[in-house]
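Asks: One structure follows; several queries about it will come next.
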Amino acid sequence: MGRAVDPGHPEHGAASLTSGGIRVLHVGCGRRAKAHLKAQLSSGQYLLAGLCDVNGVRARELAASMRLADTHAFEDPVEACTALQPELVVLAIPPQSRPELVRALVSAGCPAVLVEKPIALTPSDLADLQEIGRSTPVFVNTQYRWMPHWRKLLRYVGAGWLGELAEVRLSTRFAPFEQGEHVISLGLEIASLAGVPAPRWVLAAACGIERHGPRETPAELIAVAGLGAARMHLVHGAVAPLVRGDEDAPWNALVVHARGTEGWLDVTVNKGYTLVSGVRRLEGATEWYRDDESAQRSLYIDLAGWLRGPRTESFPTAVESASAASGFLFAAERSARTRQRVSLLTDSGPTTQ
């Protein structure tokens, strides 16, 4: 258990992760699970308690590749949670059955759950997860804020480099539920750090249909939201602008732009960033694969600190705060469907209905 392990290959002796680390159970043994395992291994904070997949063969094969006994590979998540008593369960599975499964895991004694995005595919499922999150920590894997450049840039936004925020523009060529929560979460964080109100309303238009699992979603979506005097704009799908010099790579067309009275910020996922404030100018490179690996590892390091710490503050991607991005998407869809401006506020805060 104490031998050195190459963090670039999670299948090489990774079952030990870190002796005495946080015990984690992985539900879902596909590509995303391997990315999570790699990040946990390189963080040095976790102990792999077990693996679970509806395809038992896949669970056992991944367990064997990580030198984990068959007795730690399961097909039933509740059975696995009951037998292994993990401190954290990671759900790297499709979102359609999450609320029911999360509730069952919590009933079986699971103390904390991390889910992939999208958090939920319907407003009612989102409300169910929010309710669960009031008593048991539920985290969302919207990890982009941990990318090295975003950690730096968000500090500058919080220090007032943009001045009074006027607008945030978000775009991606992918359908809303594919990358929407990532860019919206970043936009909402910029707005919060700049001191403007949370979105009060959204007005949207959409066309076309794509499927995200069992759910139909707009293939193209354009939305504008009111943040006090500021505005947040969202463009999804083929109508989103391409990144200059990268027109053949639609994945790279994930852009966040913010403008204030004192400066502006422009960030692409693969073509660098620029921050200008008065006479100050910062520029740097971005590279999605490298930055995403770094972000995933950093998220797990911070999450380990939170799980083992006093928990005096909410974790940044806890469902109670991370759900704002999903709520925004649901409201935008409703606005496009009804051709009306939709309120994002109720007496208790943002609404997802």
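Asks: So, ARG32, is that one at pLDDT below 95, assigned to a helix (DSSP H, G or I) and among the charged types (D, E, K, R) or not?
Replies: yes
Asks: Can you name every residue in the range 308-332 that is open to solvent by 20 Å² or more (accessible area, probe 1.4 Å), in contact (Cβ under 8 Å) with a residue 12 or more places away in the chain and not basic (Lys, Arg)?
Replies: Matches in the range 308-332: PRO316, GLU320, ALA324.
Asks: Right, another one. Which one of these is over 27 Å from THR217 (Cβ atoms) and open to solvent by 40 Å² or more (accessible area, probe 1.4 Å): SER97, SER65? Give the derivation first.
Replies: Details: SER97 fails: over 27 Å from THR217 (Cβ atoms).
Unique residue meeting the criteria: SER65.
Asks: Confirm whether LEU170 is open to solvent by 30 Å² or more (accessible area, probe 1.4 Å), within 23 Å of SER277 (Cα to Cα) and in contact with a Leu (Cβ under 9 Å, 6 or more places away or on another chain). Step through it out loud before you land on a result.
Replies: Details: open to solvent by 30 Å² or more (accessible area, probe 1.4 Å): no; within 23 Å of SER277 (Cα to Cα): yes; in contact with a Leu (Cβ under 9 Å, 6 or more places away or on another chain): yes.
Judged against the criteria, LEU170 is not a match.
Asks: On to the next question. Would you pick out the residues in the range 253-274 that are over 18 Å from ARG231 (Cβ atoms), touching a strand residue (DSSP E or B) at 6+ places or on another chain (Cβ under 7 Å) and outside any strand (DSSP E or B)?
Replies: Of everything in the range 253-274, those that are over 18 Å from ARG231 (Cβ atoms), touching a strand residue (DSSP E or B) at 6+ places or on another chain (Cβ under 7 Å) and outside any strand (DSSP E or B) turn out to be ALA253, LEU254, GLY272.
Asks: I need the full set of residues from the range 128-161 which are polar (S, T, N, Q) and either open to solvent by 20 Å² or more (accessible area, probe 1.4 Å) or in a helix (DSSP H, G or I) (or both), in order please.
Replies: The answer is GLN130, SER135.
Asks: Let me ask something additional. Please work out if VAL89 is part of a strand (DSSP E or B), touching a Cys at 6+ places or on another chain (Cβ under 9 Å) and closer than 23 Å to GLN296 by Cβ.
Replies: Values: part of a strand (DSSP E or B): yes; touching a Cys at 6+ places or on another chain (Cβ under 9 Å): yes; closer than 23 Å to GLN296 by Cβ: yes.
Yes: the conditions hold for VAL89.
Asks: Does ALA83 meet the test of being touching a Pro at 6+ places or on another chain (Cβ under 6 Å) and modelled with pLDDT of 95 or more?
Replies: Working: touching a Pro at 6+ places or on another chain (Cβ under 6 Å): no; modelled with pLDDT of 95 or more: yes.
Here the answer is no, as ALA83 does not meet what is asked.
Asks: Using the structure shown, decide if SER277 is in contact (Cβ under 8 Å) with a residue 60 or more places away in the chain, surrounded by 16 or more Cβ atoms within 10 Å (Cβ to Cβ) and not hydrophobic (A, V, I, L, M, F, W, C).
Replies: Values: in contact (Cβ under 8 Å) with a residue 60 or more places away in the chain: yes; surrounded by 16 or more Cβ atoms within 10 Å (Cβ to Cβ): yes; not hydrophobic (A, V, I, L, M, F, W, C): yes.
Against the criterion (in contact (Cβ under 8 Å) with a residue 60 or more places away in the chain, surrounded by 16 or more Cβ atoms within 10 Å (Cβ to Cβ) and not hydrophobic (A, V, I, L, M, F, W, C)), SER277 qualifies.
The values are calculated or read from the model by the stated rules, or taken from the named source; none is laboratory data. Computed from a predicted model, the values in this text were never measured in an experiment. Cβ sites come from the backbone with ideal geometry, for glycine too, and all protein chains shown count toward neighbours. Calculation scope for accessible area: heavy atoms of the full protein, side chains included, ligands and nucleic acids excluded. Shrake-Rupley method; radii C 1.70, N 1.55, O 1.52, S 1.80 Å.
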